[in-house]
Amino acid sequence: MKNVYILGECMVELSRTGDGLLKQSYAGDVYNTAVYLKRAFDDFNVNFFTAVGEDSLSDDMVAAFAAEGINTDMVQRSKDKAPGLYMISVDSEGERSFSYWRSDSAARQIMQFVSAENVGYLCMGDLFFFSGISLAVISPNERDIFWQLLRKLKDSGVRIAFDPNYRARMWEDKTEAKIQFERAFRLSDMVLPGIDDLSQLYGFTEFNKIQDFCSAFGIEELVVKNGPDSVCCIREGEFHEVAITPVEQVVDTTSAGDSFNGVYLGARMSGIAVVDAVKLAAAAAGEVIQHPGAIAPKDAFEQTIRP
Ligand code: ADP
């Protein structure tokens with residue numbers, strides 16, 4: 001059984017349903033990835049390394065992880081913090097915007113739970129996945145703990161996968177984000193950026209430029225997502241471009257990249273070749289964006305993954 005560890009934050013999601021009512025669910029980039037990885041590859045042990053509070057909302061959140069089959073042994077409990085929260089608003093044009101209450105969330109304390117025991121578990125993993133959002137959530141004065149951990153995982157032979165998922169508002173400035181991301185690139189075996197992330201941060205709009213830039217970091221597998229345009233990958237010098245069939249009725253693109261990542265990583269860890277893994281991941285993401293919210297209904301997703 002493959003053992004995957006995913007580091008980051010899950011938040012309470014609130015969205016309007018009309019009549020002033022709010023629908024409550026749970027989402028967050030790497031949590032979404034964990035959900036889709038587990039749904040597509042049920043035989044994997046998918047562990048979520050995060051922190052929540054001791055409140056009942058945190059209990060419900062952890063129950064939701066377990067209901068998705070995610071292993072909660074590495075979910076830590078902060079004594080004085082609660083989960084972060086975000087709310088989705090839709091304007092009269094149908095444009096979505098997000099308001100966040102996450103600056104003091106329990107997940108920000110996650111590095112305080114990096115004990116010798118937990119490091120021991122993480123080192124036994126086959127894969128460790130984190131994102132630029134996971135990095136931004138870690139308190140700046142605790143980032144050294146993270147980099148020491150990542151070095152240890154690398155030295156223990158755990159495969160490291162990273163999606164930059166750049167969110168400008170979570171960083172002091174671009175320089176801070178670039179410094180952190182470039183440390184991540186250097187230690188990662190697999191890097192899965194969206195082209196938007198790298199164009200906002202570095203101004204790259206073409207795969208060639210990204211490839212040139214990334215060649216300095218010794219990344220084994222680079223997979224660049226570009227919405228309905230093709231996915232470009234380079235693995236140990238071998239280039240692949242995989243065409244995407246655009247979805248006609250896009251409902252909500254939240255989690256497109258996250259679901260792609262979950263299925264892609266599961267497929268690659270199962271020994272599926274790069275091009276086939278991209279096709280499977282793209283089919284999953286294409287289904288997810290035809291449903292509202294980050295987490296699509298299980299049935300629809302399963303039909304796509306196992307037709
Ligand atoms: P992110 O959500 O990280 O910005 P992208 O927008 O690049 O990521 O989307 C990730 C993946 O989702 C794409 O590589 C593609 O497989 C799928 N996808 C996104 N938008 C569409 C679309 N309009 N039609 C079909 N597939 C899409």
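The values are calculated or read from the model by the stated rules, or taken from the named source; none is laboratory data. Predicted model only: the values in this text are computed from it and were never measured. We place every Cβ from the backbone using ideal geometry, glycine too, and count neighbours over all the protein chains shown.
A compact table of results
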read-out: Residue match in segment 201-217 (condition: of a type in the set (Lys, Arg), under 25 Å from Phe44 (Cα atoms), out of contact with any Gly (no Cβ under 8 Å at 6 or more places or on another chain) and more than 12 Å from the ligand (Cβ to nearest atom)); value: no
read-out: Selected residue (criterion: nearest to the ligand (Cβ to nearest atom)) from residues of segment 240-252 that are hydrophobic (A, V, I, L, M, F, W, C) and within 26 Å of Asn208 (Cβ to Cβ); value: Ile244
read-out: Enumeration of residues in segment 1-10 that are surrounded by 24 or more Cβ atoms within 10 Å (Cβ to Cβ) and assigned to a strand (DSSP E or B); value: Val4, Tyr5, Ile6, Leu7
read-out: Boolean, Ser255 is within 14 Å of the ligand (Cβ to nearest atom), at positive phi and crowded, with 18+ Cβ neighbours inside 10 Å; value: yes
read-out: Qualifying position, being in contact with a Gly (Cβ under 6 Å, 6 or more places away or on another chain) and either within 24 Å of Ser270 (Cβ to Cβ) or part of a helix (DSSP H, G or I) (or both), among Asn118, Asn165; value: Asn165
read-out: Condition met for Leu265 (more than 7 Å from the ligand (Cβ to nearest atom), among the aliphatic types (A, V, I, L, M) and in contact (Cβ under 8 Å) with a residue 60 or more places away in the chain); value: yes
read-out: Matching option when the condition is near the ligand (Cβ under 9 Å from one of its atoms) and at positive phi, among Gly293, Gly271, Gly227; value: Gly227
read-out: Qualifying residue in segment 187-194 (condition: surrounded by 20 or more Cβ atoms within 10 Å (Cβ to Cβ), among the hydroxyl-bearing types (Ser, Thr, Tyr) and at pLDDT 95 or above); value: yes
